[in-house]
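Heads up: the structure comes next, in structure tokens.
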Amino acid sequence: MQELQTEPVQSESSNAPASAVPKAIPLWQWCILAGLCIWLYWSTVIHLVGEWWHDPNFSHGFFVPLFCAYVIWQERDRLASLIPRPSWSGAVVLVAGLGVLILGRLGAELFLARSSMLLVLAGVVILFFGWSLFRAVLFPWACLLLMIPIPAILFNQITFPLQLLVSQVSAEVLRWVGVPLILRGNILQLAPGPLDVAEACSGIRSVTSLLTLAVIYGYLLEKRLWVRWFLALASVPIAIAANCVRIIGTGLLVQNGYPDAAQGASHETWGVIVFVLALLMLYILHALVRRLFPEKGVASSAPSVATATTTFPGVRNSSLRFIVTALLIVAAAIFLQTQARGEVFPPRLELRQFPRQFGNWTDEDKAIDDETLKILKPSDYLQRVYQNPQETQDITLFIPYYLSQRAGEAPHSPQHCLPGAGWISIDNRHIMLTVPGREPFSANRYLVENGESQLLVIYWFWAHGRGVASEYWAKYYLVEDSIKMHRSDGALVRVTTIVRPGETVEAAEQRLLPFIDRVVPLLDSYIPR
């Protein structure tokens, strides 16, 4: 986080030199380049703004560009006095940004497409103004990252550990004040009923919003660079602590006869109260730092000043850089338009038509509640419990299918979802599945327990006849298939069985493997190759 220092304002009567920055690029060239960038990024920006509007986790995105513009405006005199030293290395950054955009658009990866805006902006600044000016605006440029939602694959990796941390801390505090409970995963089992630490309570929503606010707060009210960094980093534990207060308060209310405190309007009101509490904690922390480490005078250095008659390398004639930049942007836009034919959706059968019997295994449909469906957002799904009179335990088959992942919807790993339902991980390993007539592929063998019950889970990500165990490899193949096949469909296949008392995990696995051998050859009809 670069510290921007304020320079003394020169009086109008002084012989203030004319700024050389505007001379680096004529206004008409700047307007044309801005128009080309709007044309190139219009759909990306519209989708991004829509996510700010509809997803409260990232509604702070509206304020980030305004704050960055304010920072630039505040530093306008100092920035105008810098000597532009255009660098052709900016063209390399520009080409890299356009390449990331193409990869993100064709590969159905929203984060890449959105992040490319920052690289393109950096390339243009360096190309026309040089590295010195880019370093001067590094802070507001870096702040723009806060407006881009975290990729779902990382969002889930962060959300659930924070969820479990909030649950564990809250449970310990509630026990300390005399509330009896049992903690299973992220569910606090109180005497009146269970209290689920929902995803909104995990701290991630508060972290992203509070981090943004901490950056703004630090810039406006603190000049010392190390304190700004400290406040920004402190926003993470502050958000977690505030959410612990939320869960502890809700638990106390539920325990004392107010079950409605854990749901509905009361639960949402808690969210507002906790966020205000987090802001107060941030303010108190800053006041404590200022008291322990009083601010001393901040030395300022006068920047190099350009004069109206000074000539700088590459500034006098920007036409070549303008032409190169315009051609690169136009070429990227035309290429994307020629490649932007409609996504391919091969014919397929609906998952409700999946066979209801495999040998002695017969099925019973099991519905998914609306709240879970709202989180998963599958295009189609199957959840069935298959029963066998020769077996004492059933097998559950769950397949959420996504017709398109370009809008951000994607399969959720059971390693994130099952702990949210109270299951605790015991063992997790990769295994190779060898199905007759298929190439061997990797899958996850995941053992969890809830109280005295153990559940064996075998799952993998499946798309276009390919199975992989890793979320990251699934994302890689999504990008590759989107570019080569113009398809972004895919699914998660999960089979589970209860490990009966006295049964070994290996015996439960041998119950699942023959069932998987029957399921995999049928997948192509419902999840096309």
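The numbers here are math on the coordinates, done by the rules we state, and not lab data. Fair warning: this is a prediction, and the values are worked out from it, not measured in the lab. Methodologically, a virtual Cβ is constructed for each residue, glycine included, from the backbone with ideal geometry; neighbour enumeration extends over all protein chains shown.
May I ask you to list the lysines whose Cα is less than 25 Å away from that of K484, ignoring any residue fewer than eight positions away on the same chain?
Here the lysines satisfying the reach criterion relative to K484 are K475.
If you plug each phi of the stretch 511-520 into the Karplus form 6.51 cos²θ - 1.76 cosθ + 1.60 with θ = phi - 60°, what whole-Hz ³J(HN,Hα) values come out, in order, with x for Gly and Pro?
6, 7, 4, x, 5, 5, 4, 7, 6, 4
What's the exposure ranking of R438, R529, R228, going from fewest to most Cβ atoms within 10 Å? Intermediate values should be presented prior to the final figure.
Values: R438 14, R529 11, R228 21.
Ascending Cβ contact count within 10 Å gives the list R529, R438, R228.
Excluding V100 itself, what net charge comes from residues whose Cβ is under 14 Å from its Cβ, given Lys and Arg +1 and Asp and Glu -1? Show your work: numbers first, answer last.
Values: positive: R105, R114; negative: E109.
Spelling it out: positives minus negatives among the neighbours equals +1.
Which lysines have a Cα less than 18 Å from the Cα of K223, not counting those fewer than 8 places away in the same chain?
Hits, sequence-local ones excluded: K296.
Quick one: what are the phi-derived ³J(HN,Hα) couplings along the stretch 463-472, Karplus 6.51/-1.76/1.60 with θ = phi - 60°, whole Hz, x for glycine and proline?
Working through the residues one at a time gives 7, 6, x, 10, x, 9, 8, 8, 4, 6 Hz.
Pop out the ³J(HN,Hα) list for the stretch 122-128 in order, Karplus 6.51 cos²θ - 1.76 cosθ + 1.60 with θ = phi - 60°, rounded to Hz; leave Gly and Pro as x.
Running phi through 6.51 cos²θ - 1.76 cosθ + 1.60 with θ = phi - 60° gives 4, x, 5, 4, 5, 5, 9 Hz.
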